[in-house]
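Engineer: Structure in structure tokens, see below.
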Amino acid sequence: MSEPFPSLEILPRDLSAYAQGNIGVPYVHRFESGLAGPHVLINALTHGNEICGMVAATHLLDTQVRPKIGTLTISFAHVEAYNAFNADKPFANRQIEHNLNRVWSDDLLGGSENSPELRRARELRPVVAAADHILDIHSTSQDNEPFWVYPGFERNARVAQAIGLPSTHLVMPSGLGSGTPLIQHGAHGGEHAPGAALVAECGQHFRRSSAEVATEVTLRFLAHFGLIDHTPSAPVGPQRRFELLRTCMVTTPEFRFTRPLVGFETFAQGDVIATDGEQRIVAPCDHCTVFMPTREPIVGREAVYLTRPL
């Protein structure tokens, strides 16, 4: 039961000029300052139709942003999916076979299974492992306000709160629950990681405002770690945080929400949020807040994230 899609305010552009990269990995560019400092990775296009990250990454490359200290790496992750964009089906090129943001476990990356996403993750594995701090830029299918997503470590919360944009935080105390995302690959997923690793969900995929948010968040992220000078476009405002309680998957073709959802709706404990065949998805607490309800239920993919306010 797909919904009408919004106007396409931003569209893909040709990325072939960035294909060669400069470290031997396609579409990955690294710039070293020659001075001591952190290694920061800015990653775009983990999903093929999340165009805002492409805008932010090309902004850095096109304006020749270079780090004052440390090292800056800029990567376009899933260009194969990105190049499959079709304006008549703008949600269809999120992935080709696997979700590239769920395959970052050692078991999958070291296993025998194969797909475009696994091949690309294996190429990017050393790039991700080399970074001290990671910003992975995403967007949402529904027209939501921007928000952070990160594992519930103090190092991540501290950086997200200091940057201030987005002002909403989705905190994962026990991981995502549906696979291993890029920001939890290897050492980045552990208690003693080298630094912060965050996802910024910047708004709806095709909104111009999402690209503007992605670019501003990227510049603030780099400035926070001292790689560039940047004056924020707005001061840090009040922050609100939510704890992920459960990731609900679509298990049958009969999945239905009990009412239309776009995200941030709240439910009382015991309220039925959705039905999935004979299963009922019920709010586990009062003030249960939903994040990223699926626009079009697909068996095997995430349906909705259930959270509580912190």
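The values are calculated or read from the model by the stated rules, or taken from the named source; none is laboratory data. Small disclaimer: the values here were computed from a predicted structure and weren't measured. FYI the Cβ positions are ideal-geometry reconstructions off the backbone, even for glycines, and counts take in every protein chain you see.
Engineer: Looking at 56, 121, 81, can you tell me which residue is closer than 21 Å to residue 225 by Cβ, in a helix (DSSP H, G or I) and in the same structural domain as residue 181 (by TED's automatic domain parsing)?
Structural biologist: The unique qualifying residue is 56.
Engineer: On to the next question. Among the numbered conditions (1) surrounded by 14 or more Cβ atoms within 10 Å (Cβ to Cβ); (2) free of Cβ contacts under 8 Å to residues at least 40 places away in the same chain; (3) among the hydroxyl-bearing types (Ser, Thr, Tyr); (4) within 29 Å of residue 159 (Cβ to Cβ), tell me where residue 63 comes up short.
Structural biologist: (1)
Engineer: For residue 241, state whether it is under 23 Å from the mean Cα position of the chain (by Cα), of a type in the set (Lys, Arg) and part of a strand (DSSP E or B).
Structural biologist: Against the criterion (under 23 Å from the mean Cα position of the chain (by Cα), of a type in the set (Lys, Arg) and part of a strand (DSSP E or B)), residue 241 qualifies.
Engineer: Which members of the stretch 174-197 meet the condition of being part of a strand (DSSP E or B), surrounded by fewer than 23 Cβ atoms within 10 Å (Cβ to Cβ) and at pLDDT 95 or above?
Structural biologist: Matches in the stretch 174-197: 180 only.
Engineer: Does residue 281 meet the test of being part of a strand (DSSP E or B) and among the hydrophobic types (A, V, I, L, M, F, W, C)?
Structural biologist: For residue 281, the condition - part of a strand (DSSP E or B) and among the hydrophobic types (A, V, I, L, M, F, W, C) - is met.
Engineer: Let me ask something else about it. Give me the residue from the stretch 198-208 that is part of a loop (DSSP other than H, G, I, E, B) and surrounded by 24 or more Cβ atoms within 10 Å (Cβ to Cβ) and, out of that set, farthest from the chain's Cα centre (by Cα).
Structural biologist: Out of the qualifying residues, it is 206.
Engineer: Same structure again: Only residues that are more than 27 Å from residue 70 (Cβ to Cβ) and among the β-branched types (Val, Ile, Thr): list them for the stretch 112-141, please.
Structural biologist: Within the stretch 112-141, 140 is the sole residue that qualifies.
Engineer: Mind listing just one residue for me: the one in the stretch 219-257 that is surrounded by fewer than 13 Cβ atoms within 10 Å (Cβ to Cβ) and under 22 Å from residue 68 (Cβ atoms) and, of those, modelled with the lowest pLDDT?
Structural biologist: 233
Engineer: If you don't mind, another one. Working only within the stretch 29-51, note down all residues that are surrounded by 23 or more Cβ atoms within 10 Å (Cβ to Cβ) and either free of Cβ contacts under 8 Å to residues at least 40 places away in the same chain or hydrophobic (A, V, I, L, M, F, W, C) (or both).
Structural biologist: 40, 41, 42, 44, 45, 51
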